[in-house]
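Colleague: Take this structure first; my questions come after.
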């Protein structure tokens with residue numbers, strides 16, 4: 001019998017992130033992204049839900065109860081659920097900025113966890129986290145690495161307390177573009193300094209964590225050597241085993257993705273791990289195989305930590321996202337991950 005867990009979600013923010021600013025492609029509205037997700041089907045299997053971005057032109061962070069009810073009804077009408085939500089924490093100095101910066105950062109967190117709780121109470125969101133990052137650049141972080149790391153951790157602790165008050169959890173998404181979270185070792189350090197394991201964990205994205213192994217913004221922490229031969233699958237597996245052994249205990253949310261070992265920026269979004277289509281010939285990951293490094297422990301046992309997993313195609317071109325085959329291929333990749341590492345209730 002096919003596995004029924006974890007539930008399979010599609011991220012809607014690829015229609016928004018890196019879009020809509022000068023020189024970038026126009027944003028794709030949330031209704032269209034919901035429609036793309038709902039229409040995908042592979043051998044009778046469909047997506048179970050969507051993960052969303054709390055920012056216009058998708059869900060307004062200032063949404064009122066009636067606005068949230070309307071979105072909940074739209075998603076439910078397509079037989080989908082909402083899982084994790086992204087808090088719009090950017091602007092200013094972020095989690096390590098001055099007092100006003102940090103106050104504004106925490107205000108966004110508070111609004112995000114409030115919305116997340118409301119969606120849960122509406123019955124459309126049975127699981128998921130609130131995604132955050134440091135909203136600070138590695139270049140600014142490097143001006144005082146240890147001092148800034150402690151400041152981010154202090155801000156994260158306050159954010160975690162806010163989340164707990166709403167019955168929510170926060171997941172910090174490790175990416176090379178976020179100061180203090182730009183390497184796997186610094187990410188572990190930040191999680192340990194924050195020390196809120198029940199409320200603040202790690203969001204693992206396969207595209208971003210592959211860049212961790214290359215030490216893109218932290219060469220001192222790279223796990224794969226300079227000039228690494230991508231044909232050496234065993235060496236890649238060894239690097240990912242080291243990385244996931246350190247971060248998997250903290251992981252509470254998981255993005256399935258493909259990456260070609262390069263970076264990409266678009267519009268206002270800084271360069272970060274490039275998300276590729278699942279069948280991209282330049283993709284370096286064996287998606288179903290490497291997802292297992294996050295979904296199984298070091299002994300190969302299923303962890304069953306994630307009630308849902310989400311495909312992240314951040315900064316995909318609009319042309320690709322307009323094609324039904326794109327979403328069917330993505331859904332097929334997600335099904336393969338669940339077949340390999342999922343379970344039935």
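Colleague: As an exercise, use a Förster radius of 41 Å and the Cβ-Cβ distance of residue 322 and residue 158 to find the FRET efficiency, rounded to the nearest 0.05. If you can, show how the numbers build up before the last one.
Modeller: Values: r = 42 Å, r/R0 = 1.01.
The computed FRET efficiency comes out at 0.50.
Colleague: Which translational diffusion coefficient, to the nearest whole µm²/s, is obtained for segment 109-166 from the Stokes-Einstein equation, given a Kirkwood hydrodynamic radius over C-alpha pairs, 20 °C and 1.002 mPa s?
Modeller: Values: Rh = 13.0 Å.
This corresponds to a translational diffusion coefficient of 165 µm²/s.
Colleague: Hey, another quick one. Report relative contact order for segment 7-341 in percent, whole number only (criteria: Cα-Cα under 8 Å, sequence separation at least 6). Present the calculation step by step, with values, prior to reporting the outcome.
Modeller: Working: 661 pairs, mean separation 63.0, N = 335.
In percent, rounded to a whole number, it is 19.
Colleague: Where in segment 240-263 does the amide nitrogen come within less than 13 Å of the point 7 Å from the Cα of residue 230, taken along Cα to Cβ?
Modeller: The answer is 258-263.
Colleague: Here's something else I'd like to know. If you take the beta carbon distance between residue 46 and residue 140 as r and set R0 to 35 Å, what does 1/(1 + (r/R0)^6) give as a FRET efficiency, to the nearest 0.05? Don't skip to the answer; put the middle values down first.
Modeller: Numbers: r = 43 Å, r/R0 = 1.23.
Efficiency for this residue pair is about 0.20.
Colleague: In square nanometres and to one decimal, what's the mean projected area of the convex hull around the Cα atoms of segment 189-345? Mind dumping the intermediate values first?
Modeller: Details: hull surface 42.6 nm².
For the Cα atoms of segment 189-345, the hull's average projected area reads 10.6 nm².
Colleague: Enter the mean projected area of the convex hull around the alpha-carbon atoms of segment 7-341, in nm², rounded to one decimal. Mind showing how you got there, number by number?
Modeller: Numbers: hull surface 63.2 nm².
Average of the hull's projected areas for segment 7-341 equals 15.8 nm².
Colleague: Arranged by the count of other C-beta atoms within 10 angstrom, fewest first, what order do 208, 36 take?
Modeller: Values: 208 27, 36 23.
Listed from fewest to most nearby Cβ atoms, that is 36, 208.
Colleague: Choose one answer from 136, 63, 55: the residue with the largest mean-square fluctuation in a GNM of the chain with alpha-carbon springs under 10 Å.
Modeller: Checking each option, the largest mean-square fluctuation is seen for 63.
Colleague: Neighbouring Cβ atoms within 10 Å as the yardstick, rank 196, 157, 70 fewest first.
Modeller: Values: 196 18, 157 15, 70 12.
Ordered from fewest to most neighbouring Cβ atoms within 10 Å, 196, 157, 70 come out as 70, 157, 196.
Colleague: Please state, to two decimals, what the Cα-based radius of gyration of segment 117-210 comes to when divided by 2.2 N^0.38 Å (N = residues). Please list the in-between numbers first.
Modeller: On the way: Rg = 13.8 Å, N = 94, 2.2 N^0.38 = 12.4 Å.
That ratio works out to 1.12.
Colleague: Same structure, new question: Taking other Cβ within 10 Å of each residue's Cβ, how do 58, 255 sort, fewest first?
Modeller: Values: 58 21, 255 26.
Listed from fewest to most nearby Cβ atoms, that is 58, 255.
Colleague: Considering only DSSP beta bridges whose two residues both sit in segment 7-341, what percent are antiparallel, to the nearest 5? Mind dumping the intermediate values first?
Modeller: Numbers: 6 of 32 bridges.
Once the DSSP bridges in segment 7-341 are tallied, antiparallel ones form about 20 percent.
Colleague: Let me ask something additional. Under Stokes-Einstein, with the Kirkwood radius over Cα pairs standing in for Rh, what whole-number D in µm²/s applies to segment 1-64 at 37 °C and 0.692 mPa s?
Modeller: Numbers: Rh = 13.2 Å.
Result for D is 248 µm²/s.
Colleague: Another question, if that's okay. If you wrap a convex hull around the Cα atoms of segment 1-123, how much volume per residue is inside, in Å³? Show your work: numbers first, answer last.
Modeller: Working: hull volume 15.9 nm³, N = 123.
Expressed per residue, the convex hull around the Cα atoms of segment 1-123 is 130 Å³.
Read-outs: derived from the displayed coordinates by stated rules, not from any lab. The structure displayed is predicted, hence computed values, not measured ones. Every residue, glycine as well, gets a Cβ built from its backbone with ideal geometry; the counts of neighbours run over all protein chains shown.
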